[in-house]
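Below is one structure, written out as structure tokens, with a few remarks after it.
The values are calculated or read from the model by the stated rules, or taken from the named source; none is laboratory data. Keep in mind that this is a model prediction, so the values were computed, not measured. Positions of Cβ are generated from backbone atoms using ideal geometry, with glycine treated the same way; all protein chains shown enter the neighbour counts. Accessible surface areas use protein heavy atoms only, side chains included; no ligands, DNA or RNA. Shrake-Rupley method; radii C 1.70, N 1.55, O 1.52, S 1.80 Å.
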Amino acid sequence: MLETLNNWIISANDWIWTYLLIILLILIGLYFTFKSRFVQFRYFGEMFRLLGQGVSNGKGKNSVSSFQAFCIATASRVGTGNLAGVATAVALGGSGAVFWMWVLALIGSASAFVESTLAQIYKEKGERSFIGGPAFYIGKGLKKKGLALLFAFIIIITFGLVFNSVQANTIGTGQLGPAIILTFFTLITIFGGIHRIARVAGIIVPFMAIAYILVALFILFNHMTAIPALIGHIFSNAFGIEQVVGGGLGATIMQGVRRGLFSNEAGMGSAPNAAATATVSHPVKQGLIQALSVFTDTIVICSCTAFIILLSDLPLDGTLKGIQLTQAAVGHEIGPFGAQFIAFCILLFAFSSIVGNYSYCETNLFFISRHPAGLQIYRIAVGGMVFFGSVAGLDIVWNLADLFMALMTLINLIALIFLGHLALKALKNYNDQKRRGIKSPVFKASDIPEIEDQLSEWK
């Protein structure tokens with residue numbers, strides 16, 4: 001009975017993700033790309049400038065800086081999927097899957113900009129920082145409280161409990177000692193609330209990203225002469241006649257697109273929960289910064305993993321899968337230290353994802369109820385699921401989480417379709433102020449008159 005149900009859930013996931021959500025995500029991403037006049041490309045330099053400003057700004061007692069919010073979102077995005085998921089995509093879809101991961105990230109950055117800008121527009125003042133996200137802009141913007149509550153409930157269950165169990169399972173060895181240690185550090189972090197999570201993410205994310213990128217650059221430097229041929233192979237495999245004739249082009253595209261989506265989360269409605277916490281003078285600022293997070297996750301981190309695997313020349317015949325393939329590739333290039341380094345990366349990537357995922361859920365728990373007892377009980381439940389995931393696994397729970405995430409994504413996309421024009425109006429306002437010589441644009445609720453009465457934090 002349980003196996004039959006699990007198989008049904010797997011089939012439902014494949015159909016929904018393949019024939020519905022991926023098509024919607026691409027179409028909506030393309031729509032916002034054109035309507036924003038390619039915001040993710042035109043403002044690429046501005047994204048880095050704003051991120052740099054955010055390192056030192058907004059660090060008050062009751063505020064989260066734009067840099068910290070970026071790190072929280074990146075902490076959730078950059079997880080074991082960047083190591084294991086990319087390896088799976090390359091193993092099943094070939095090198096061409098990398099190209100389609102890039103395409104989805106570049107298109108999805110526009111959706112990430114819109115959803116994070118909306119989260120800022122509709123944010124509210126919480127007890128210790130701003131709070132907001134899809135539940136808030138669905139409830140206030142669409143005036144669909146029931147749909148907003150459904151979204152909040154799904155993300156609380158999926159990201160805080162099930163996905164955190166999956167991340168812990170990647171770290172866990174099935175032994176009691178490591179499970180207790182991981183659970184302990186998770187609890188002391190999340191019981192410190194959003195500010196402690198922001199500080200932890202602000203330390204771990206830059207460190208783990210820089211360390212992983214440096215190792216990847218070392219390997220790329222050792223294969224300098226092979227890189228042009230590798231790039232050519234990625235593009236040829238993405239559109240190759242061989243793949244079309246062999247019927248593998250669909251697998252190449254789907255592996256790249258699906259793994260890219262699972263990694264960068266653009267349009268899913270998760271990262272806006274972190275974006276809303278930032279203290280900024282204009283919603284567009286955080287929207288641009290969060291678009292950069294998609295670039296960091298896929299174009300940088302995922303590409304590092306893909307290049308390492310492809311340059312290692314290890315057979316992609318299914319003998320090695322997931323994280324084992326990544327470990328073997330790094331070990332092949334830098335020796336026995338490689339496996340230890342990847343194990344360390346898994347620890348950091350997974351732990352950062354756990355606390356990042358939890359931060360999304362705290363915001364949505366506040367949306368449902370601000371009773372302090374409920375928050376404490378939920379934190380204990382998160383710790384329990386981290387411990388459970390470290391010592392055990394249950395496939396049906398994880399597959400069910402994919403189904404829940406599909407529903408969450410669909411709800412968020414509906415909201416983006418109806419509310420996305422507001423983010424574009426905010427972008428126009430930002431552009432107008434920049435053209436008038438204002439170096440740091442300031443947003444007021446009156447800048448979007450039709451929703452002025454809904455924007456209490458921008459009066």
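Each listed q (0.18, 0.25, 0.27, 0.29 Å⁻¹) maps to a log10 I(q)/I(0) for region 84-140 from the Debye sum over equal C-alpha point scatterers, namely -0.69, -0.90, -0.98, -1.06.
Once you have the alpha carbon radius of gyration of region 118-166, what is it after dividing by 2.2 N^0.38 Å, with N set to its residue count? The partial results should precede the final answer.
On the way: Rg = 12.0 Å, N = 49, 2.2 N^0.38 = 9.7 Å.
So the Cα radius of gyration is 1.24 times the expected 2.2 N^0.38 Å.
If the viscosity is 0.692 mPa s and the temperature 37 °C, what Stokes-Einstein diffusion coefficient in µm²/s follows for region 389-459 when Rh is the Kirkwood radius over Cα pairs? Walk me through the numbers before you get to the answer.
On the way: Rh = 15.6 Å.
D, rounded to a whole number, is 210 µm²/s.
Computed from Cα atoms alone, the Kirkwood hydrodynamic radius reported for region 354-438 is 16.5 Å.
Step through the table entries Lys123/Lys434; Lys144/Lys439; Lys143/Lys439; Lys145/Lys434; Lys145/Lys285, compare each Cα-Cα distance with 32 Å, and write down the pairs that go over it. Pairs exceeding the cut-off: Lys144/Lys439; Lys143/Lys439; Lys145/Lys434. Max-minus-min Cα coordinates of region 142-206 on each principal axis give 47, 27, 21 Å, with the largest extent listed first. Using 0.36 nm per residue and subtracting the Cα-Cα separation, the extra length available between Ile380 and Phe239 on full extension is 45.9 nm.
The stretch between Glu127 and Gln175 holds 13.4 nm of extra length on full extension. This uses 0.36 nm per residue minus the Cα-Cα distance.
Using the Cβ-Cβ distance between Ile23 and Arg49 with R0 set to 41 Å, the FRET efficiency works out to roughly 0.75. Electrostatic tally near Thr296: other residues with Cβ closer than 14 Å to its Cβ, Lys and Arg +1, Asp and Glu -1, net -1.
What ranking of Asp453, Asp447, Asp297 comes out by heavy-atom accessible area, probe 1.4 Å, highest first? Display every interim value, and only then the final one.
Details: Asp453 125, Asp447 60, Asp297 0 Å².
Accessible-area ranking of Asp453, Asp447, Asp297, largest first: Asp453, Asp447, Asp297.
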